[in-house]
Amino acid sequence: MIPLRIDHLCKRYGDRLAVDDLSLSIERGTVFGLIGRNGAGKSSAIACVLGLIRTTSGEVSLFGEPLQPKTFDRIAYVPEINCLDAWMTPLQHIEFRRRCFSRFDRTLMGELMERFEIEPTRTLRKLSKGQRQAVALALAFSQRPELMILDEPASGLDPVLQRRLLDAIVSIAADGMTVVFSSHQIGHVEQAAERIGIIDKGRLVLEADVDQLREKRFIVEAVFEDGRLLREYANGDAADVEERLRALAPVAVSRRPMTLEQVFFSTIGASKEYGG
Amino acid sequence: MTYREFLVMRKALLWFIGCTTGLMLLMVIVQFSQYRGGNLSTDLNELHVPVAWVVTIFAAIFGVALGNASREPARVFWVLPSERWKLALQIVAVDAAGIVVAYAGVLAAAVAFFLLAGLFEPANLRGSIDWAGVARSLVFVYAVYGWSALVGILGRRVAYCGLASLPFLLLWTMFSNVRGAFGELVRLPILVNPFSVYAMGFTLSHPATDLDKPMAHSLLRLAVAGGWETPILLATALLTCAIAVVLWQRAEVLSA
């Protein structure tokens, strides 16, 4: 059963098309990273998937059926903004979740609280931003969901906690859980995701396996005698690009795999704007 | 959801009853320090009325719960494995129970005030608590809660918007007594204003009522028998809460 399938999803806010004909299918046990600029439509797409906003058109199915309240027992969601009640303590949040989710695992929650260094009896208001986010993540993991949707999960976490979060994502995916997470931080996606989707102006402009991208996408550079550097992105057949550049009689031609960041910039066509 | 609402309510009740009791104690102290003879006289039979007015503030504050819960926290609440309307009803149910406790707390504090004041000066407590009046007052407070919930969900883009319903209803009651075309106009839907219905219901049953007042005159037509206002208040409470729940269920999460 495919945990998440999106068919031709559109979401319009007035004149603005936030999500434009998005189709996506995410297999079980996959860590899927959704990358895009601010306002690209990542959060709107996630909100549509979870029924937090109504779709303009298109269909979403979770575990093979349309979203129903009972489906949420199999899904965990951590929003970009921390929406947990700040006047409650982590222990009270745990009790709240335990009563709501049938598979909530207190033992796992205890382990995660230790891993994320969460103080259980202080109200969230007295915790740092990073710790509040860690509480939200630990609660989501402890629901033992089959599908976890994380919207900018690492925002507010310090580098150590970010590392622990990414490790946690990878290890739960190894247990068969499906993770969909959006991020601005391409490095995080590169570290944790097996498959990525790049969303730009509401459209899914690229969907691919991270390993395949590394194998197929190259930067080919030609250096000329006067010191000029000519750089081209090669998608698939880099030999053709090399050939073309050699015809210009450079001093040297080199090829190296693109980083995910370079793939992102080349895909959304913003390399000049970003100095890439 | 019930657990979280219970936590909120427990905290709020402690504050509210604590503040009310503190205020009563302050009044006892003032009463004692200002004592110049005479005696303190009250009719317990009518005590449910001022208590209801005080508790409307509590109800209006709690009425905002639905509206506020449909803002950012909706991202947590609307992904719970339960029907949205059930979640909304859990909030309303806990608030309803909380309002009863708040009412009982203020009523107890008011009685305690007169008993304590009696330690310092002659206090004349007449009659006994009118339980039918208490029930009517509670329905009135629920109607105020319903209005707050409805305004809160309609204006949910503004946090705590439901609180605006309280001054709105009071102003509406005030303008309902204006003579002329404007007064006539605002009196047309006056039955859905719990303050007008409750105040007039109480006033009409009072022997010294000036029945020439425009609003009293309008409502007198409906006052066929005693207790007419309770069903109207109950209908207002149920209707406003029902609309608020339906709107909550259909709402979309607000974008950040």
(message) If each DSSP helix of 4+ residues adds -39,500 (n - 2.57) and the sum is divided by the residues in chain A, what number results at 222 nm, nearest 500 deg cm²/dmol?
(response) -9500 deg cm²/dmol
(request) Select from region A:178-276 those trypsin sites (Lys or Arg not before Pro) which occupy a DSSP coil region and have at most 13 other Cβ atoms within 10 Å, ordered by residue number. (result) A:228, A:272
(request) Using only protein heavy atoms and a 1.4 angstrom probe, determine the accessible area buried between B and A, summed over both sides, in Å² to the nearest 100. (result) 2300 Å²
(message) What does the structure give for A:77-83 when I average, per residue, the other chain Cβ atoms found within 10 Å of the residue Cβ?
(response) 5
(request) Over the alpha-carbon set of region B:49-175, work out the extent along each principal axis and list the three values in angstrom, largest first. (result) 59, 38, 26
(request) Starting from the Cα-Cα distance between residue B:246 and residue B:181, subtract it from 0.36 nm times their residue separation and give me the gain in nm to one decimal. (result) 19.9 nm
(request) Return the single residue from B:50, B:231, B:122 with maximal mean-square fluctuation; model: Gaussian network over chain B, springs between Cα atoms under 10 Å. (result) B:122
(request) Per DSSP H run of n ≥ 4, the term is -39500 (n - 2.57); total these for chain B, divide by its residue number, and report the mean residue ellipticity at 222 nm rounded to 500 deg cm²/dmol. (result) -23000 deg cm²/dmol
(message) Distance between the C-alpha centers of region B:143-185 and region B:66-124? Whole Å please.
(response) 20 Å
(message) Just to confirm my numbers, what's the Cα centroid distance between region A:1-43 and region A:136-176 in Å?
(response) 20 Å
(message) Within 10 Å of each Cβ in B:8-20, how many Cβ atoms from other chains are there, averaged over the peptide?
(response) 0
(request) Return the single residue from A:211, A:73, A:237 with maximal mean-square fluctuation; model: Gaussian network over chain A, springs between Cα atoms under 10 Å. (result) A:237
(request) Please report the base-10 log of the normalised intensity I(q)/I(0) for region A:1-137, using a Debye sum with one equal scatterer per alpha carbon and no solvent, at each q in 0.12, 0.21 (1/Å). (result) -0.60, -1.24
(message) Take chain A, mark every one of the chymotrypsin sites (Phe, Trp or Tyr not before Pro) that falls in a DSSP loop and has at most 12 other Cβ within 10 Å, then report the longest stretch left between them, sites excluded.
(response) A:88-273
(request) Return the sequence-ordered ³J(HN,Hα) values of region B:127-133 in whole Hz as given by the Karplus equation 6.51 cos²θ - 1.76 cosθ + 1.60 applied to θ = phi - 60°, using x for Gly and Pro. (result) x, 9, 4, 8, 5, 5, x
(request) Over all alpha-carbon pairs of chain B, lay out the pair-distance distribution in 10 Å bins, whole %, shortest bin first. (result) 7, 27, 30, 23, 11, 2, 0
(request) Calculate, for region A:1-95, the solvent-accessible area per residue in square angstrom, rolling a 1.4 angstrom probe over the heavy atoms of the protein chains. (result) 40 Å²
(request) Could you check how many percent of all C-alpha pairs in region B:1-124 are farther apart than 18 Å? (result) 60 percent
(message) Debye calculation, C-alpha points only, no solvent: report log10 I(q)/I(0) for region A:135-203 at q = 0.23 Å⁻¹, in the same order as the q values.
(response) -1.09
(request) Report the antiparallel proportion of the DSSP beta bridges in chain A as a percent, rounded to a multiple of 5. (result) 65 percent
(request) Go ahead and set up a Gaussian network model of chain A, Cα springs under 10 Å, then flag whichever of A:192, A:76, A:47 fluctuates most. (result) A:47
(request) Could you go through region B:139-155 in sequence order and give the Karplus-derived ³J(HN,Hα) for each residue, using 6.51 cos²θ - 1.76 cosθ + 1.60 with θ = phi - 60°, rounded to whole Hz, and x for Gly and Pro? (result) 5, 4, 5, 4, 5, 5, 4, x, 4, 5, 5, 5, 5, x, 7, 5, x
(message) Can you give me the solvent accessible area of residue B:41 with a 1.4 Å probe, rounded to the nearest 10 Å²?
(response) 60 Å²
(request) Against the globular-protein guess of 2.2 N^0.38 Å, express the Cα radius of gyration of the protein assembly as shown as a ratio, rounded to two decimals. (result) 1.32
(message) Could you work out the percent of alpha carbon pairs in chain A separated by over 23 Å, rounded to a whole number?
(response) 58 percent
(message) I'd like the mean, over residues of A:50-58, of how many other protein chain beta carbons sit within 10 Å of each residue's own Cβ.
(response) 3
(message) Quick one: 3J(HN,Hα) in Hz for region A:100-106, Karplus 6.51/-1.76/1.60 with θ = phi - 60°, rounded, Gly and Pro as x.
(response) 8, 10, 5, 9, 4, 10, 5
(request) Please work out whether region B:141-188 counts as rounded, prolate or oblate from its C-alpha gyration tensor, where a ≥ b ≥ c are the square roots of the eigenvalues and a/c under 1.5 means rounded, while otherwise a/b larger than b/c means prolate and anything else oblate? (result) prolate
(request) Give a quick list of GluC sites (Glu not before Pro) in region A:149-225 that DSSP marks as loop, anything other than H, G, I, E or B, with at most 13 other Cβ atoms within 10 Å. (result) A:225
(request) Scan chain B and hand back the longest stretch that contains none of the trypsin sites (Lys or Arg not before Pro) lying in DSSP loops with at most 15 other Cβ atoms within 10 Å. (result) B:37-156
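The values are calculated or read from the model by the stated rules, or taken from the named source; none is laboratory data. As the structure is a prediction and not an experimental result, all values here were calculated from the model. Backbone-built Cβ (ideal geometry, glycine too); neighbour counts: all protein chains shown. Areas reflect the complete protein model, heavy atoms only, side chains present, ligands, DNA and RNA absent. Shrake-Rupley method; radii C 1.70, N 1.55, O 1.52, S 1.80 Å.
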